[in-house]
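In what follows, a single structure is set out as C-alpha cells and then discussed.
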Amino acid sequence: MTKNVKMKKDMQAYWQSLPELQAALMEKIAADPWRLTYHQMPATGWLNDPNGAVQFKGTYHLYHQYVPETPNGGATHWGHKTSQDMVHFKEEDIFLSPDQLFDEDGVYSGSAFVHDDKIHFFYTGNVKHEGDHDYTYSGREQNTIHVVSADGFTVESREVVIAHADYPAGYTDHIRDPKVFEHEGVYYMILGARTRDNLGRILLYRSDDLYDWSYQGVFLAGNEEQGFMWECPDYFELDDSQVVLFSPQGLLPTTYNYHNPHTVGYLTGAINWDEYAFEPETDFVELDHGFDFYAPQTFEDESGRRILWAWMGIGDIEPEYGNPTVARGWQHAMALPRQLTLENGRLKQRPLPEYQSLRQHTQTHRLCEIEESTLKGEIYELLVEFDETPHSFELTLRQDSKLSYQDGLLTLKHGESGFGRRKRMIPLTDLSQLQIFSDTSSLEIFVNDGEFVMTSRVYPSPDQQMIHVTGDAQGQISYWDLKI
Ligand code: FRU
C-alpha cells in the first residue's frame, strides 16, 4: 500500500485486540476509588482535549481525544458522550478512529459547526512518516479534515479539505486544531501553528461553502515571550466583544502566572476585516491558575450560553508531577463545564447552574463556628461567603490540600496527595467568595463568583475527608454533598 493511493488503514487487528485490552483495564478501574463521580472520564485508558462540543437538536455532544487501550496515550480517536442536561452523560460508541491514511497516527483535535441541519466537524489528521525525523521540522503531516454528520453519530462524508502540503511556507509541521465560525454569510477557520523559528501563530482560512478553503493570512501572531506553539485556538463573540482563546505551549513563568508547562488564556479585541487579522485591545489573561487545565474549547448552546469544556489535565508535567491513576488503567478527565460571560472586559467563569441539581443535605454555618468535626466530605460543593476580605484564612481539604488567603495572596498548596503538585498563587486585593467542587480526585476552586479559577487533580488516601477552617475570617459557609 502506498501513501498516494488513498486507501483505508487496516484496523482489523486493532479492533480484534481492543476488547481484551479494555477488559484488563476495566478490572483495575472497577477497584479504583479515585474514579471521579460527576466529572467526565475515559471509560478506559487515556483522554485529553474536548472536541466537537455542540448542542444539536436538544442533545449535548461532547467528543474527546481518546485512547481506549492504554492510559499513556497514543494515536487518538474521538470518544463520544451525550447528555440531555449537561450533568448526566451517556457513553457512546467511538465517533472517529485513526483508520484513514490522512489521520492514521491520530484523529487530533477539532470542533463542530452546525449548518443546514447538519453538524460539520473539522479536525486534524495526524500522520507520522517513518524515518529519521524529529516530527516538528520534518516527518509529520497535519491535514485538516471535514466530516459531515446528520446526527452526530454517523458519518456521511469525511475528506481532507486542506492537505498538509498546502499550508503556507515558514511553518513547522505543527498546524492544527481547526475552529470554524461564520461572519456575514462567510465561513472562517482558524488553526493553531508553530513557525520554523518557534513562534505561536493563528492562521485564518475562509470558505463560502465549508468545503473549499483558501488561506487569508495570519489572524494573530505571538512574539518570543508568548510561547513556541499555539494550540486549540477559539474565537467567539460574547456580550458585544470579540474574544480569542488559545493554549500557548512553553510560556515562561512569571511570579504568579504560567506555572504549568503550557497554559491557556485569552485576548479581547476586534477583527480587522480588511486585514483578516485580530487586533487585541487587552493583554493576554491566563484562564485558570491551578495545575490541571488545558486545551479548552467553547460552544454556544441552544439557549445562547457560551459554555467552555476543558481537559482537566495537561501534557509534559513529568517529572514535576504525575497522575497515579495510570497504574489503575486510566488517566485524565474533563473539568466541569463552565459558563463564560464578559464583565468589565474580563471573562468570568461560573460552574453551570445545572450542577445544583446534585446538591443534597445542605448545611450552613458561620465560619467561626466550624470546629474540627463540624464538616467533612469527599464529593461535595462548598460555598464560602466572606463578610469582608479576611485578614487571614486557611481551609484544609481532603488529605493535605490547603487553600489560604494572607497578605493579598490566595495560595493553593498540596502535600503528598498532590503527587508533585506543590503551590499556585493568585494576588488578590479583595476576597468575597470561594466556591469549591470536590470530587474523589479533583478540586475546582472558583474565586469571587468566577473571577478566577484554580483546577487541580489531587489523590488523597481513602477516607481523607478533612474540611478544616482556621484564621480570623468572618462569614458563612454552606456545604452540600453532591450525588450523581
Ligand atoms: C492539545 C493537543 C492538540 C492536538 C491534540 C492531540 O492538548 O496537543 O494540539 O490536536 O492535543 O491529542
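Things worth noting here:
- In order along the stretch 221-233, phi translates into HN-Hα couplings of 10, x, 9, 4, 7, 10, x, 9, 8, 10, 9, 6, x Hz, rounded to whole numbers, per the Karplus curve 6.51 cos²θ - 1.76 cosθ + 1.60 with θ = phi - 60° and x for Gly and Pro.
- For the stretch 126-198, the equivalent ellipsoid built from the Cα gyration tensor has semi-axes of 26, 17, 9 Å, listed from largest to smallest.
- Start at zero, step by 10 Å, and the Cα-Cα distances of the chain spread as 4, 20, 31, 26, 14, 5, 1, 0 percent across the bins.
- The stretch 407-484: proportion of alpha-carbon pairs further apart than 20 angstrom, %: 37 percent
- Here the stretch 84-161 has an Rg and Dmax of 14.9, 49 Å, counting Cα atoms alone.
- Average Cα contact separation per residue, the chain, under 8 Å, 6 or more apart, as relative contact order %: 12 percent
- Computed over the stretch 363-459, the ratio Rg/Rh where both radii use C-alpha atoms and Rh is Kirkwood: 0.93
- Euclidean distance between Cα centres, the stretch 77-137 to the stretch 268-308, Å: 21 Å
- Remark: the stretch 381-396, residue by residue, has Karplus-estimated 3J(HN,Hα) of 10, 10, 10, 10, 10, 7, 5, 8, 4, x, 7, 8, 8, 9, 10, 9 Hz, where x stands for each Gly or Pro and the curve is 6.51 cos²θ - 1.76 cosθ + 1.60 at θ = phi - 60°.
- DSSP-assigned coil residues among trypsin sites (Lys or Arg not before Pro) in the stretch 186-232, each with at most 13 further Cβ atoms within 10 Å: Arg196
- Evaluated at q = 0.18 Å⁻¹: base-10 log I(q)/I(0), Debye formula over Cα of the stretch 31-190: -1.12
- Fewest neighbouring Cβ atoms within 10 Å first, the residues Trp330, Trp480, Trp273 line up as Trp273, Trp480, Trp330.
- Extents of the stretch 24-122, largest first, come to 46, 37, 17 Å (Cα atoms, principal axes, whole angstrom).
- Members of Lys81/Lys483; Lys8/Lys179; Lys9/Lys81 lying beyond 22 Å, as alpha-carbon distances in this model show: Lys8/Lys179; Lys9/Lys81
- Counting every other Cβ atom within 10 Å of each residue's Cβ, Arg305, Arg424, Arg346, Arg338 order from fewest to most as Arg346, Arg305, Arg424, Arg338.
- Leading residue at positive end of dipole, the chain (Cβ point charges), from Tyr187, His259, Val127: Val127
- 3J(HN,Hα) couplings calculated from phi for the stretch 189-199 with the Karplus curve 6.51 cos²θ - 1.76 cosθ + 1.60 (θ = phi - 60°) are, in sequence order, 10, 10, 9, x, 8, 10, 6, 5, 9, 6, 10 Hz; Gly and Pro show x.
- Residues Phe122, Phe89, ranked from the fewest to the most other C-beta atoms within 10 Å, line up as Phe89, Phe122.
- Descending Cα extents along the principal axes, the stretch 184-223, whole Å: 34, 17, 12
No value in this document is a laboratory result; all are computed from the given coordinates. These numbers come from a predicted model, not from an experiment. Don't worry about glycine lacking a Cβ; one is built from the backbone with ideal geometry, like all the others, and counts go over all protein chains shown.
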